[in-house]
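Reviewing the structure listed below.
The values are calculated or read from the model by the stated rules, or taken from the named source; none is laboratory data. Values in this document were obtained by computation on a predicted structure and should not be read as measured data. Quick reminder, even Gly has a Cβ in these numbers, built from the backbone with ideal geometry, and neighbours come from all protein chains shown. Keep in mind that these areas ignore ligands, DNA and RNA; they rest on the heavy atoms of the full protein, side chains included. Shrake-Rupley method; radii C 1.70, N 1.55, O 1.52, S 1.80 Å.
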Amino acid sequence: MKYVSTRGQAPELSFEDAMLTGLARDGGLYVPAEIPVLSADDIRALNGLSYEDTAFRIMWPFLGGTFTEDEFRGCIARAYEGFGHAARAPLVQLEPNHFLLELFHGPTLAFKDFAMQLIGQLFQTALAKNGRRVTIVGATSGDTGSAAIEAFRGLDNVDVFILYPHGRVSEVQRRQMTTPADSNVHAIALDGDFDACQARVKDMFNDFEFRDEVGLAGVNSINWARVLTQVVYYFTSAVSLGAPDRRVSFTVPTGNFGDIFAGYIARKMGLPIDKLVVATNQNDILHRCLTTGEYRPDGVVPSISPSMDIQVSSNFERVIFDALDRDGSAVAQLMDELKAGGFTLPQGALSHLQELFTSGRCSEDETRATIAEMKTLTTELLCPHSAVAVKVAREVRDPAVPMVSLATAHPAKFPDAVEEASHIRPGLPPRMADLFERDERVTRLADDLAAIEYLIREKRSA
Ligand SMILES: *Cc1c(COP(=O)(O)O)cnc(C)c1O
């Protein structure tokens, strides 16, 4: 299995190199050269398997010999053993034919643990095999950073630096990043928004001298291995609802387009997904783009679902690549236009995307109202991101087709917003009860590439 860049100018890579590299050298994102397809019988055979066994069968064809079967099974087992639920991704029912996929039972209480815990194991296994070290740099709107720090803390061959927007993450998110005491993890509070954090990470990857000097590796949602791990729960949930003999729809609270892109891959692999719904908060650039074809960032407005406060949605480039018939130079041209302010999708590409995706938007008031209403109707306490999905799902769903809304974080990660909406203050699970007493360690920096690179050179344990 080979991986190609969405901009067509970077070398093809193996799974291992695409995983360790993250962003391609031409500024593009790696995607598989082709997608393996499962037959209906292959999918039927997933019925009744554990999450781990399903994960093995779904991901194995993408690995192309990077790991042995035993190594890969071991990585999967270690990745998910710390989850607080035996099903890993349990499905609960909200109302007739509408289900909630709970993806928040990992160590940092958000769905990003699914990818990050496994990537930590895969990095460790790959690096230990060939005696390499890497410096992981990531940008986060809150959940990626805590998940990365939790997954990589204490690993021998890795230093981790996470940039988050100062003052724009919740206290739980911040403390999950600033309280681990391991000397190989570093939180950086940047004076800027999430898009600025993401832009500085891209700048570091494009500074090839720095990139090679520190052995830069990325684990942001652009990392193909992360996307791949997220394909698994589309299969486990759809199969438990009757796939492949029944079509299933999904609604995904979307920011960087990584999670929903995994659903798109699941469908390409043969999972009969009916509607794939992009749900955005008031930062609705993806909804507007899928409606009009215009992609024009106009500044992030902070919301109560901060992990979706995004205007430049990096994984969107991957579906644009497909919608443009995998023409890397056409993608590169749109991305150049984006740097100059924005782009308009060609009509053919827009129509194609509109066949693949449905979209909707949820305002702040609607988010709070949905949290309150679902608490009354179902006893389920939703986090604001999950509420965005549930609201949009209820708007667009076909009552005859099972709809799965993805619950991407535990309500206790956003206690203030949830309490305001529902008058209930969600408590942290017992394993995290002392989070507010632990010491914090963080460096605050200006939005300045040179200052960030200086800090990384100084602090990494070369
Ligand atoms: C990251 C995140 C999202 C958005 O996921 P993307 O893959 O970036 O689209 C939604 N909800 C929560 C809680 C998140 O942490």
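Data table
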{"quantity": "Pairs with Cβ under 6 Å, 6+ apart, first in the range 287-303 and in contact (Cβ under 8 Å) with a residue 24 or more places away in the chain, second among the aromatic types (Phe, Trp, Tyr) and surrounded by 15 or more Cβ atoms within 10 Å (Cβ to Cβ)", "calculated": "289/295; 290/357; 295/343"}
{"quantity": "Matching entry among 123, 56, 114 (being open to solvent by less than 20 Å² (accessible area, probe 1.4 Å), in contact with a helix residue (DSSP H, G or I) (Cβ under 8 Å, 6 or more places away or on another chain), without any contact (Cβ under 8 Å) to a residue 24 or more places away in the chain and part of a helix (DSSP H, G or I))", "calculated": "56"}
{"quantity": "Residue among 79, 86, 139, 110 that alone is under 21 Å from the mean Cα position of the chain (by Cα) and more than 28 Å from residue 461 (Cα to Cα)", "calculated": "110"}
{"quantity": "Every pair of residues 6+ apart whose Cβ atoms lie under 6 Å, when the first sits in the range 342-370 and is polar (S, T, N, Q) while the second is surrounded by fewer than 18 Cβ atoms within 10 Å (Cβ to Cβ)", "calculated": "344/293; 344/294; 358/396"}
{"quantity": "Among the residues listed as 137, 158, 172, the single one being among the β-branched types (Val, Ile, Thr) and closer than 14 Å to residue 455 by Cβ", "calculated": "137"}
{"quantity": "Every residue from the range 1-10 that is part of a loop (DSSP other than H, G, I, E, B) and farther than 18 Å from residue 202 by Cα", "calculated": "1, 2"}
{"quantity": "Filtered residue count, the range 216-231, keeping only those that are open to solvent by less than 10 Å² (accessible area, probe 1.4 Å) and out of contact with any strand residue (DSSP E or B) (no Cβ under 8 Å at 6 or more places or on another chain)", "calculated": "8"}
{"quantity": "Within the range 347-462, helices (runs of 4 or more DSSP H) holding 2 or more residues that are open to solvent by less than 50 Å² (accessible area, probe 1.4 Å) and over 28 Å from residue 89 (Cα atoms)", "calculated": "347-356, 449-459"}
{"quantity": "Filtered residue count, the range 11-27, keeping only those that are part of a helix (DSSP H, G or I) and polar (S, T, N, Q)", "calculated": "1"}
{"quantity": "Complete set of residues in the range 168-179 that are under 17 Å from residue 434 (Cβ atoms) and either open to solvent by 10 Å² or more (accessible area, probe 1.4 Å) or in contact with a Cys (Cβ under 8 Å, 6 or more places away or on another chain) (or both)", "calculated": "171, 174, 175, 176, 179"}
{"quantity": "Residue list for the range 205-261, restricted to those being away from the ligand (no atom under 16 Å from the Cβ) and either closer than 14 Å to residue 116 by Cβ or assigned to a strand (DSSP E or B) (or both)", "calculated": "216, 217, 248, 249"}
{"quantity": "Counted residues, the range 390-422 - those being of a type in the set (Gly, Ala, Ser), away from the ligand (no atom under 16 Å from the Cβ) and touching a helix residue (DSSP H, G or I) at 6+ places or on another chain (Cβ under 7 Å)", "calculated": "1"}
{"quantity": "Residue in the range 34-53 that is surrounded by the fewest Cβ atoms within 10 Å (Cβ to Cβ), counting only those that are in contact with a helix residue (DSSP H, G or I) (Cβ under 8 Å, 6 or more places away or on another chain) and under 20 Å from residue 12 (Cβ atoms)", "calculated": "36"}
{"quantity": "Odd one out for residue 353 among (1) within 13 Å of the ligand (Cβ to nearest atom); (2) of a type in the set (A, V, I, L, M); (3) out of contact with any strand residue (DSSP E or B) (no Cβ under 9 Å at 6 or more places or on another chain)", "calculated": "(1)"}
{"quantity": "Tally, over the range 1-29, of residues that are out of contact with any Asp or Glu (no Cβ under 9 Å at 6 or more places or on another chain), within 19 Å of residue 329 (Cβ to Cβ) and in contact (Cβ under 8 Å) with a residue 24 or more places away in the chain", "calculated": "4"}
{"quantity": "Some residue of the range 292-301 being within 30 Å of residue 167 (Cα to Cα) and of a type in the set (Lys, Arg)", "calculated": "yes"}
{"quantity": "Filtered residues of the range 84-109 (kept if assigned to a loop (DSSP other than H, G, I, E, B) and either acidic (Asp, Glu) or touching a Phe, Trp or Tyr at 6+ places or on another chain (Cβ under 8 Å) (or both))", "calculated": "87, 88, 89, 103, 104, 105, 106, 107"}
{"quantity": "Residues located in the range 289-328, provided they are within 16 Å of the ligand (Cβ to nearest atom) and part of a helix (DSSP H, G or I)", "calculated": "289, 290, 306, 307, 308, 316, 317, 318, 319, 320"}
{"quantity": "Count - residues of the range 264-281 that are open to solvent by 10 Å² or more (accessible area, probe 1.4 Å) and more than 19 Å from the chain's Cα centre (by Cα)", "calculated": "4"}
{"quantity": "Selection count where residues are open to solvent by less than 30 Å² (accessible area, probe 1.4 Å), among the hydroxyl-bearing types (Ser, Thr, Tyr) and in contact with a strand residue (DSSP E or B) (Cβ under 8 Å, 6 or more places away or on another chain), scope the range 283-334", "calculated": "4"}
{"quantity": "Selected residue (only one of 436, 414 is modelled with pLDDT under 95 and closer than 17 Å to residue 165 by Cβ)", "calculated": "414"}
